[in-house]
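Working notes, structure below.
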Amino acid sequence: MTKRLVIVTLFTLFLLAETAPATIGADNIRYSESDTITTDTALYNLAEKLAELLSTVRDVIAINQVKINTCYEGGHYDFKGLTPAAVGTQVCNYFNLSTGIKMKQTSLLLRNPKNAPDDWERTALEMFEEPDYPKGFPYTEVSTIHGEEVYRFIKPVYISKACLRCHGERKSIREDILEYLETHYPHDMTTGYRVGDLRGGISITIPIAEQRLTQPGPP
Ligand code: HEC
């Protein structure tokens with residue numbers, strides 16, 4: 001790994017570490033001149049924190065649905081479709097334009113076919129479904145996409161209480177939300193979940209080539 005990539009990665013991790021709780025792998029990073037850090041560890045930690053950030057954005061949108069959809073004047077409910085996944089997709093798209101890093105919310109069972117997994121993601125999601133797969137454990141690999149070397153990371157996503165509003169039993173979903181889902185996602189396969197169920201994964205693809213990480217701007 002080049003020196004610039006190490007610096008950019010460490011700086012990003014440093015910023016994230018200021019705000020994020022300690023998570024897997026973060027312990028073996030020390031921010032000092034004598035530091036030694038492997039490419040894999042740096043990329044793993046960056047991907048892990050990015051996945052956590054996207055998850056947090058999604059959770060914030062999920063728990064604020066009533067606020068988002070309640071009109072300021074009159075206080076009546078007006079579902080706007082500003083769902084965790086809709087916001088998450090926009091965050092992923094803008095983030096990709098400025099960094100070259102791809103973030104994606106995907107699943108084997110889909111509401112929006114555009115979120116379909118690629119072959120690598122599908123394999124990982126199938127592994128996550130196996131009963132003896134350790135809960136929450138990510139899967140990673142260095143591979144090549146369109147001739148470009150990338151670090152791939154995918155982490156399972158589980159259903160929490162706030163998700164049931166739109167992914168729970170159909171009879172417990174508000175009429176107006178159900179109507180919105182039926183109109184926009186006629187082939188929806190993602191209702192009937194319970195808290196703790198595997199819902200899909202957050203997938204992160206980081207280009208390893210230095211310029212994609214250090215020169216922000218449209219690819
Ligand atoms: C307010 C409704 C709503 C809530 C709450 C909600 N979702 Fe969704 N979810 C959607 C919609 C709508 C889509 C499809 C979005 C799109 O068009 O990409 C979706 C898509 C997804 C996807 C992408 C794969 C697919 O099926 O298209 C995942 C993963 C997902 N949701 C997980 C969750 C999790 C986990 C939670 C709880 C933290 C959650 N959702 C809460 C409405 C919701």
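No lab work stands behind these numbers, since they all come straight from the coordinates. Computed from a predicted structure; not experimentally measured. So basically every Cβ, Gly included, is an ideal-geometry build from the backbone, and we count neighbours across all protein chains shown.
Using packing as a proxy for protection, rank 196-205, 83-92 so that the peptide with the highest average count of other Cβ atoms within 10 Å comes first.
Averaged packing, sorted descending, gives the order 196-205, 83-92.
Can you tell me the length gained on complete extension of the stretch Ser160 to Glu129, counting 0.36 nm per residue apart and subtracting the Cα distance? List each step's numbers first, then the result.
Values: separation 31, 0.36 × 31 = 11.16 nm, distance 1.71 nm.
In short, 9.5 nm is gained.
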For this session: Subtracting the Cα-Cα distance from 0.36 nm times the residue separation, let me have the gained length for Arg170 to Asn93 in nm, one decimal.
Result: 24.7 nm
Exercise. How would you rank 46-52, 111-117, highest first, on the average number of other Cβ atoms within 10 Å across their residues?
Worked result: 46-52, 111-117
Seminar exercise, completed: Phi angles of the stretch 141-147, converted by Karplus (6.51 cos²θ - 1.76 cosθ + 1.60, θ = phi - 60°) into ³J(HN,Hα) in whole Hz with x for Gly and Pro, give 6, 9, 9, 10, 10, 6, x
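Hey, got a sec? Which GluC sites (Glu not before Pro) in the stretch 64-126 land in a DSSP loop and have at most 16 other Cβ atoms within 10 Å?
Qualifying residues, ordered by number: Glu73.
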Exercise. Points 7 angstrom from Cα along the Cβ direction at Glu149 and His76: gap in nanometres?
Worked result: 6.0 nm
Seminar exercise, completed: For Lys80, the lysines lying under 25 Å Cα to Cα, once residues fewer than eight places off in the same chain are dropped, come out as Lys67, Lys104, Lys114, Lys161, Lys171
